[in-house]
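Here is the structure we will look at, set down as structure tokens.
The values are calculated or read from the model by the stated rules, or taken from the named source; none is laboratory data. Small disclaimer: the values here were computed from a predicted structure and weren't measured. For neighbour counting, all protein chains shown are included, and Cβ atoms are generated from backbone atoms with ideal geometry for every residue, glycine included.
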Amino acid sequence: MNTQLKRHTLLGLAAGALALTMTACAAPKETAAPTATPAATPTATPISDAEMLGEPIVGATTLPIEPDAGQIAIYGEGHGYNYYYATELAVWQDYYAQGMRDLFLEFPYAWAQTLNLWMQAEDDAILERLYEVSAGAAWHTQDSLAFCRQIKETCPETVFHGYDISFGYDAITAQYGNLLEEEGKTDSEEYAFFQNNNEQYEVYRNENDVDGTAPYRENCMVENFSRQFEALDGASVMVICGSYHAQNEASISDPNTLRFAAQLMQKYGDAVQIEDLNFGGDGSTLYLFGVAPYMANTIGTVENPGLPGVQALRIYEIFNAYEDVKELETNGVYLPCSVFPVEVKPGGVYRVGYFMEDGSTEWYTFRADGEVQNGESVVTGVTLPPL
């Protein structure tokens, strides 16, 4: 597979990668008076990275793409949550076993290249330095570190690609630029991409993009992705991005500019497939039982459903969950199937938000048992165990 990030480039830069780690001068040794040896204190067994990530989202799928077909599998996420990482790791392990090696992250170019340097390092110093520099970013979580370490352990030939704009001339970006210059790479494609990434930031910093949805950013992400993807000579890739960017819709602030995934679909057509894992916005509806999150589909909002004091209903269908709710206690709440904008079939599970006329919101979980109340088909409310 001919990747845009050549292996020999990584090996050449790896010699200078120690510059990314922090060093400290050793303190002079002093002779201390003898002291009593303190009693040993029990220590907790450290949790493994796999345990930290937990279980993948129930119902998530590995999109059907072929390794050398020039296809693009896009997965939308809510940044920083372990259940997204667990799912993305499982999907990437599937693709890796099939022969894929190129994984695109919503990272600046220099950050992804730094991850590639870490993939060849013997310790985690580079990864830990990247974590320090990322303080304040959504990626700055222990779950993110566990995700990276699991990829290094289980998929060691992974090549990361960053397609986001630069985050500014931070320590990682500066150090990576210095490495390229020290290796005499100023005329290379890598250095040109690095420079362009920083130039994009100089424009973007004036966009006043408080929520990361500026059309300029979407366009830059497409440009950066395409430049690297098209250099792979037909290799298929997996792309991880925020849920907003994974929507086949126009930008919020400019209906004439499509979002990242929508532009890729327009550009590459049927080669692009999308699975948005972040159906609940902030992930609040993901955990039904505190065991594993579940995939869901937004059915829609029902205005004026004809229920006392209810202004609107927001309805999600939760997939593959009936076996886990069929024995739960009912709570005496029933919702007529007639208010649903789609057909309700036995075995369905639904999460419904009641938006009340007084401004409050209440959430209920229903299962479709085929029950009838007063001659009308209803779904039955169940009581979830505490998380």
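Computed values, structure above
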read-out	value
Residue that is more than 14 Å from ILE299 (Cβ to Cβ) and either touching a helix residue (DSSP H, G or I) at 6+ places or on another chain (Cβ under 9 Å) or of a type in the set (D, E, K, R) (or both), where the choices are VAL378, VAL344	VAL378
Pick from segment 76-126, criterion more than 9 Å from the chain's Cα centre (by Cα) and in a loop (DSSP other than H, G, I, E, B), ranking: nearest to GLU51 (Cα to Cα)	ASP124
Residue satisfying all of: in segment 235-253; among the small types (Gly, Ala, Ser) and at pLDDT 95 or above; surrounded by the most Cβ atoms within 10 Å (Cβ to Cβ) among these	SER236
Single match in ASN178, ASN224, ASN197, ASN256 (criterion: over 20 Å from the mean Cα position of the chain (by Cα), among the polar types (S, T, N, Q), at pLDDT 90 or above and surrounded by 17 or more Cβ atoms within 10 Å (Cβ to Cβ))	ASN197
Yes/no for ALA235 being farther than 27 Å from VAL159 by Cα, of a type in the set (A, V, I, L, M) and in contact with an Asp or Glu (Cβ under 8 Å, 6 or more places away or on another chain)	no
Residue match in segment 259-272 (condition: of a type in the set (Gly, Ala, Ser) and outside any helix (DSSP H, G or I))	no
Pair list, Cβ under 7 Å, 6 or more apart: segment 207-235 residue among the aliphatic types (A, V, I, L, M), other residue modelled with pLDDT of 95 or more and assigned to a helix (DSSP H, G or I)	MET221/PHE260; VAL222/PHE260; VAL222/GLN263; VAL222/LEU264
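For every residue, the table says whether it meets (1) part of a helix (DSSP H, G or I); (2) without any contact (Cβ under 8 Å) to a residue 12 or more places away in the chain; (3) assigned by TED's automatic domain parsing to the domain that holds ASP102.
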position: THR186; (1), (2), (3): no, yes, yes
position: ILE240; (1), (2), (3): no, no, yes
position: TYR244; (1), (2), (3): yes, no, yes
position: ASN248; (1), (2), (3): no, no, yes
